[in-house]
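Following: one structure in C-alpha cells, then a few remarks.
The values are calculated or read from the model by the stated rules, or taken from the named source; none is laboratory data. Being a predicted model, the structure only gives us computed values, none of them experimental. Every residue, glycine among them, receives a Cβ derived from its backbone with ideal geometry; neighbour counts consider all protein chains shown. Surface areas here come from the heavy atoms of the whole protein model, side chains and all, with no ligands, DNA or RNA. Shrake-Rupley method; radii C 1.70, N 1.55, O 1.52, S 1.80 Å.
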Amino acid sequence: MEKKSKQTFFVTTPIYYVNDVPHIGHAYTTIIADALARHNRLAGREVFFLTGTDEHGQKIEKAAAERGITPIELADSVVTRTQNLWQALDISQDFFVRTTMPFHEKGVQEIFRRMLAKGDIYKGEYKGWYCVSDEAFLPDDAPIGKDGAKICPDCGRAAVVLAEPTYFFRLSAYQQKLLDHFEAHPDFVRPPSRMNEVASFVRGGLRDISITRTTVKWGVPVPDDPAHTIYVWFDALHNYITALGWDWNRERFEKFWPASLHLMGKDILRFHAVYWPAFLMASGFALPDCIFGHGWWLKDEAKMSKSLGNVLDPYLIINTLGPDPLRYFLLREIPIGLDGNFSHEGFIHRVNSDLANDFGNLVHRTLNMVQQYFGGTIGEPAAEEAQDAALRAAFESARTAVLAHYEDYAPAKALEELWAFIGLANKYLADNAPWKLAKDPALRGRLARVLWQAAAAIRGSSHLAAPVMPGSARRIWDLLGETRSPLDVLYADFRFDDLDPARPMKPPVPLFPRIDLKEFLAGPAAVPPAAERPAEPKKPPKETTMDIITYEEFKKLDLRVGLVLKAERVEGATRLLKLQIDLGGEQRQIVAGVAETYAPEDLVGKRFTVIANLKPAVIRGVESQGMLLAGIRDGKAFIPFFEGDIPAGSKVQ
Ligand code: MSP
C-alpha cells in the first residue's frame, strides 16, 4: 500500500458541526484518528493530525437563532467545549481548524474563483427538494410523505422545495475519472464493501451539483457575487487543504499533501469519496490515499444522534475513570468498519475483564512482588531459561502482528493480538509461581529472572498499547522505573531487554479499578464539570442563554465554611477522596472528585465552601452528605481555600 512507503502521515477527522457539543459518536472518530496518529509517530513518521469544526450553514444559523445568540457566539462556545473534551480524551491533534478562520474563508474563495475561471463552476438555476437539517438536496428517488412533501432518506424529515439561482459544480465531468481512479486504487475507499457502494453510486450517473445558496447568510460569500454564499459542504471539505497551509504554509502543504487517511462515519462517506475527489481533480490536487468510512455507535439499536435524543456524554465515563478505558473500549469492542451497540453493561464488562483483570492484575501482582521480595529493585536475574525465551519470542511475534494491524487501520485486531500476549504473560507468572520461588533463598536469582521477565513483558505491552492508552502506558512505564515516556521511544528503538533490573520500581497504584455497574451509574463524579456540559437550547427561543435565578432562590443554598478533619482515598476510585468535614459543631462526610489534584494529606486542616443542604448521594458506594465548590479545568478540580482562621460553619454568601 502507498502509505507504507511514505515517511509522513496526514490523518483527518471530519470537522464537526457546532450546533451542539460532541458526543461519544464524535469522540469515536477522533479517538481512532488519535490512536493512528500516535502509532505513526512511534513508527517514526512525521505526522500531521487535523481536526476541527464546521461552523457555517443553515444548521448553525438555525441552532444559534433558537438559542437567541449569533452563529459565531454559538460556534465559540461549542469550540471551547469541543477542545476541552479532546483534551480530556488525550487527543493529540496538531491543528484545530475552524471554518470561520480567515485563511480558510480566503482559501475557499480562491479555489472557487479558479474553478469558475476554468469552467468547472458555472451559474444556473436550481429547483429541487432540499433537506434543511442535512443541508442537501434530496436524490430523485427520495420517498414522498403524506402531505406530498418528499422525505429526506437520511434523517426522515420532510423536505422543502427550493428554487434559486445558483452556481453549479460540473460533477458530471468527473464520473469516468472517478471510476478510473477507483479501479486503479482499490484501497481508495475502505472498507471494501463501501468501495462497492460508492462505485455503484458513481456508475449510476453523476449530475452537476449546486454549490451555492442565496437563502443562507451565514457562509463564505461567493467572490464578486455576495448575494450567494458557498454551500457548506464545498466550504467544509476544503478545510483539509486550507488548514494544512495550501496558500499560507506551502512547505507544510507540500510535505503532507495528499492526505494519508480521511476518517469519518459512513454517513458522510459519499461527500468524501465522490464530491471531494472530484473537487480535488478540478483544482489539480493529488487525491488522498484512503477514505475510511467507519461504522456507527448505536444506542438502543439506533444511531446515536442529538436529534434522536439518545446521545451519551463522554464525561459520564471520563470523570470517574479517565480517558483510557473509554478509548480502549471504543477501539477494542468493534472493528472500525462495523456498527456497535453501546451499553454501559458492555463497557463495564469489557473494562473489568480486559483492563482490571487481565492487564491491571498483571501489573499489580508483578510490582507488588517486586516490592515484597526485592524492596523495589530486582537486582540480578539468573540466566534466561527456555520458558523465558519463549515469552520473549511470543512478545516479538505479537509485536509484529500488532504493528501490522495498526498499519492496516485495524486497532481492534491489534488490541486483540496484544491481549492474547498479555494472557500469555499472566500464564507465565502462574506457571512460574514466584510466590513459591520466594520461599527458597537458593532460588533468588530465578525469582529475579521471573519478575524481571514479567516486568519486561508489561513494559513491552504498554509500549504497544500506548497509541490507544497513552496515559496508562506513561504511568506504567513510570512505575517500572523508566525515566522516558513510552511515547518518546520509537518502535525501532524499543528493545524488550532495555529494562534495567538495577533501577528501582515503584509500588503499584490502582490503574484500572474494577467498576460496579450500580455504583457507576449512581455517581459518576462528585464534582460534575458543569462547565463542560452541553448548554441545552432554551425554549422559547430568544430568551437569555442562562437561567436567571432570584436572590431568594440563591438564598436557598446553605453555603458554609467546612474544615477538613480527615481525608482518605475511596478504594477503587482514582479520582475520589472521602473527607470528614467540620461544619461548625456538626460533622459531615463528603465524597469529592479531587484526588487528581490533591493528596489526602494536602487537604487536612484546609477550609473551603461546602453546600450543606444538598440532597445526600451515594458515590461509588460511599455516602456523600454535601458538596464542595471547586473550579474545574480539563476535568480536574481546583479548590479555592479560605485564608486565615475563619471558623468552621461560618456562612458563605
Ligand atoms: N460537518 C460535517 C462533516 C464535514 S467534514 C468536511 C459533519 N459533522 S457532524 O458533526 O455531524 O459529524 C459527523 C461525524 O461524527 C460522523 O461522520 C462520524 O465521524 C461522527 N459520528 C457522529 N455520530 C456518530 C455515531 N453515532 N457513531 C459513530 N460516529 C459518529 O457531518
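One residue alone among Arg252, Arg327 is assigned to a helix (DSSP H, G or I), of a type outside the set (Asp, Glu) and open to solvent by less than 10 Å² (accessible area, probe 1.4 Å), and that residue is Arg327.
Exactly one residue out of His364, His349 is open to solvent by 30 Å² or more (accessible area, probe 1.4 Å) and in contact (Cβ under 8 Å) with a residue 40 or more places away in the chain: that is His364. Within segment 336-346, the set of residues being within 15 Å of the ligand (Cβ to nearest atom) and open to solvent by 30 Å² or more (accessible area, probe 1.4 Å) comprises Leu338, Asp339, Asn341, Ser343. Filtering Glu385, Glu396, Glu416 for residues that are of a type in the set (Asp, Glu), open to solvent by 30 Å² or more (accessible area, probe 1.4 Å) and either free of Cβ contacts under 8 Å to residues at least 40 places away in the same chain or farther than 30 Å from Phe292 by Cα (or both) leaves a single hit, Glu385.
So which residues in segment 187-225 are among the aliphatic types (A, V, I, L, M) and either under 32 Å from the mean Cα position of the chain (by Cα) or not assigned by TED's automatic domain parsing to the domain that holds Lys127 (or both), if there are any at all?
Val189, Met195, Val198, Ala199, Ile211, Val216, Val220
When each of Phe271, Phe256 is tested for being hydrophobic (A, V, I, L, M, F, W, C) and more than 16 Å from the ligand (Cβ to nearest atom), the lone residue that passes is Phe256.
Which strands (runs of 3 or more DSSP E) does segment 573-653 wholly contain that include 3 or more residues that are at pLDDT 90 or above? Write out each step before concluding.
Working: elements: 577-582, 587-592, 607-611, 617-619, 622-624, 631-633, 636-638.
In segment 573-653, the matching strands (runs of 3 or more DSSP E) lie at 577-582, 587-592, 607-611.
The helices (runs of 4 or more DSSP H) located wholly in segment 1-95 that include 1 or more residues which are open to solvent by less than 10 Å² (accessible area, probe 1.4 Å), within 14 Å of the ligand (Cβ to nearest atom) and within 21 Å of Met469 (Cβ to Cβ) occupy 24-42, 71-88. When the residues of segment 276-321 are narrowed to those that are near the ligand (Cβ under 10 Å from one of its atoms) and open to solvent by 30 Å² or more (accessible area, probe 1.4 Å), which ends up modelled with the lowest pLDDT? By that ranking, first place goes to Lys306.
Return the residues of segment 572-601 that are without any contact (Cβ under 8 Å) to a residue 24 or more places away in the chain and within 32 Å of the chain's Cα centre (by Cα); say none if nothing qualifies. Spell out how you get there, then give the answer.
Of all residues in segment 572-601, those without any contact (Cβ under 8 Å) to a residue 24 or more places away in the chain come to 580, 587, 599.
If the condition is that a residue be without any contact (Cβ under 8 Å) to a residue 24 or more places away in the chain and within 32 Å of the chain's Cα centre (by Cα), then Ala599 is the only one that fits.
Restricting attention to segment 217-234, does a residue exist that is crowded, with 23+ Cβ neighbours inside 10 Å and either touching a Leu at 6+ places or on another chain (Cβ under 8 Å) or part of a helix (DSSP H, G or I) (or both)? For segment 217-234, residues crowded, with 23+ Cβ neighbours inside 10 Å and either touching a Leu at 6+ places or on another chain (Cβ under 8 Å) or part of a helix (DSSP H, G or I) (or both): present. When Ala382, Ala430, Ala394, Ala389 are checked against the criterion of being of a type in the set (Gly, Ala, Ser), part of a helix (DSSP H, G or I), in contact with a helix residue (DSSP H, G or I) (Cβ under 8 Å, 6 or more places away or on another chain) and not assigned by TED's automatic domain parsing to the domain that holds Ala35, Ala394 stands alone in meeting it.
Would you confirm, using the coordinates I've provided, whether Lys118 is closer than 15 Å to Tyr231 by Cα and open to solvent by 70 Å² or more (accessible area, probe 1.4 Å)? When the stated conditions are applied, Lys118 does not pass them. Take segment 135-154 and flag every residue that is surrounded by fewer than 17 Cβ atoms within 10 Å (Cβ to Cβ) and touching a residue at least 40 places away in the same chain (Cβ under 8 Å). Matches in segment 135-154: Asp154 only.
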